[in-house]
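Bear in mind these aren't lab numbers, they're just calculated from the coordinates by the rules spelled out. Worth saying up front: this structure is predicted, and the values here are computed from it rather than measured. Here Cβ is always computed from backbone atoms with ideal geometry, including for glycine, and neighbour counts include all displayed protein chains.
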Ligand SMILES: Cc1ncc(COP(=O)(O)O)c(C=O)c1O
């Protein structure tokens, strides 16, 4: 079976993890934490990094830092992982959904303004499967209405967006460099992985201090066991950070490999009728975190049938996200009742992703494409 994801860990990871073990700094203090935080912030073009235990915690922490009042609304895509909506709910906010752009699969920025009202507090753009959200219009909207932006760049390590594309001086910026705070996951299937892990980035020193305090149970520096606010234990370990530091050293190589895998898939699958491939808008550099495909009507099958046929040919796949409005857990709580997001619903039923891990060889990639051809031709 060709696995849908297999991480690529090397000698450098081994070396730094061993160094960490031997130093005895195995918990959440230590030089690798600081190096990883600063290194990742520098890579993304941000001032401060606060490493946390996973990407879901990063989102929860970021929203805690901007301080939601009960009933504050956060606008996010219907087509995303449940972590985004959970983070809003855990903070006492209300998730408000928008449908996806059928090309990029990211939130349709045109739809965001329809959802802004006096309760809206923030917008949470999510760069889906490695393709950036069209950030310019969102940044304008946030400025106009005084909203925060909490960027979810969990799937978009190293992806880039052409900022100010309608201005005379557009500039490429990395995903994770936008808005008040940006969030990352370093789960095993991400471009950079610490096993489990996450990070919040910000340019605002006050938000950074708040995030550090919330991450660590809100211990007061001057009176250790006195707590003024409800904190969390979202700490990452130095051991995990050592993995991140090792991978950060070869970040350009990692991003180049992912982009080249995406381009090879594009080339080998482009002639299949009935298969829609991931977009790369002229203002975007997609890192193809997971190489997704969407079946059109002429394919004559849905994503679960394609997944089954590929499995029989030794290829593991994963279905696309199920929209937040279709999640039983939210419906049971009376959320999103009678809401419809047709693009999201279609993606959920007709989309899946193919093996995309960094350990995937060229030969395996070609075999995957061969199997897709066999099933769909
Ligand atoms: C867009 C997005 N946000 C958040 C997360 C949550 O990250 P974690 O699994 O590290 O909690 C993920 C996980 O894959 C994700 O894809």
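Report Rg(Cα)/(2.2 N^0.38 Å) for segment 99-182, keeping two decimals.
Cα Rg divided by the expected 2.2 N^0.38 Å: 1.03.
How much of the calculated P(r) for segment 148-295 lies past 24 Å, in percent of all Cα pairs?
47 percent
With the contact rule set at Cα under 8 Å and sequence spacing of 6 or more, what percent relative contact order holds for segment 39-161?
Computed value for segment 39-161: 22 percent relative contact order.
If I build a Gaussian network model for the chain, linking alpha-carbon pairs within less than 10 angstrom, which residue out of 36, 186, 232 has the largest mean-square fluctuation?
Top of the fluctuation ranking is 232.
Picking from 292, 244, 314, which is most flexible by a Gaussian network model of the chain using Cα springs under 10 Å?
314
If segment 297-348 were replaced by its equivalent ellipsoid, with semi-axes equal to the square roots of 5 times the Cα gyration tensor eigenvalues, what would those be, largest first, whole Å?
28, 13, 7
With a ≥ b ≥ c the root eigenvalues of the C-alpha gyration tensor of segment 167-228, is it rounded (a/c under 1.5), prolate (a/b larger than b/c) or oblate?
oblate
If you rank 285, 115, 143 by fewest surrounding Cβ atoms within 10 Å, what's the result?
143, 115, 285
What Kirkwood radius, in Å to one decimal, follows from the Cα pairs of segment 35-97?
That comes to 12.7 Å for segment 35-97.
May I ask for the percentage of alpha-carbon pairs in segment 237-377 that lie more than 22 Å from each other?
49 percent
Let me know the Rg and Dmax you get for segment 234-310 when you use only its Cα atoms, in Å.
Just the Cα atoms of segment 234-310 yield Rg and Dmax of 17.3, 51 Å.
Would you mind giving the three semi-axes, in whole Å and largest first, of the ellipsoid equivalent to segment 110-152 according to its Cα gyration tensor?
18, 10, 10
Cut-off is 10 Å between beta-carbons; in what order do 89, 74 appear when sorted fewest neighbours first?
Ascending number of Cβ neighbours within 10 Å: 89, 74.
Taking every pair of distinct Cα atoms and averaging 1/r, then inverting, what Kirkwood hydrodynamic radius in Å comes out for segment 38-166?
Averaging 1/r across every pair of different Cα atoms and inverting gives 15.0 Å.
Among 323, 146, 334, whose mean-square fluctuation peaks in a Gaussian network model of the chain (Cα, cutoff 10 Å)?
Residue with maximal mean-square fluctuation among 323, 146, 334: 334.
Find the relative contact order for the chain and round it to a whole percent, using C-alpha pairs within less than 8 Å whose residues are 6+ positions apart.
The value is 23 percent.
Just how far, in whole angstrom, is segment 184-230 from segment 1-62 if you go by their alpha carbon centroids?
Cα centres, segment 1-62 to segment 184-230: 13 Å.
How long are the semi-axes of the ellipsoid equivalent to the chain, from square roots of 5 times the Cα gyration tensor eigenvalues, in whole Å, largest first?
33, 27, 19
Using Cβ contacts closer than 10 Å as the measure, can you line up 124, 199 from fewest to most?
In increasing order of surrounding Cβ atoms, one gets 124, 199.
For an R0 of 30 angstrom, estimate the FRET efficiency from the Cβ-Cβ distance between residue 113 and residue 349 and round to the nearest 0.05.
Result of the calculation: an efficiency of 0.60.
From Cα coordinates alone, what are the radius of gyration and Dmax values for segment 1-63 in angstrom?
14.7, 43
Evaluate Rg over Rh across segment 311-377, taking Cα atoms for both radii and Kirkwood's formula for Rh.
1.15
Please state, rounded to one decimal and in Å, the Kirkwood hydrodynamic radius that segment 1-109 gives when every pair of distinct Cα atoms enters the mean of 1/r.
This gives a value of 17.2 Å.
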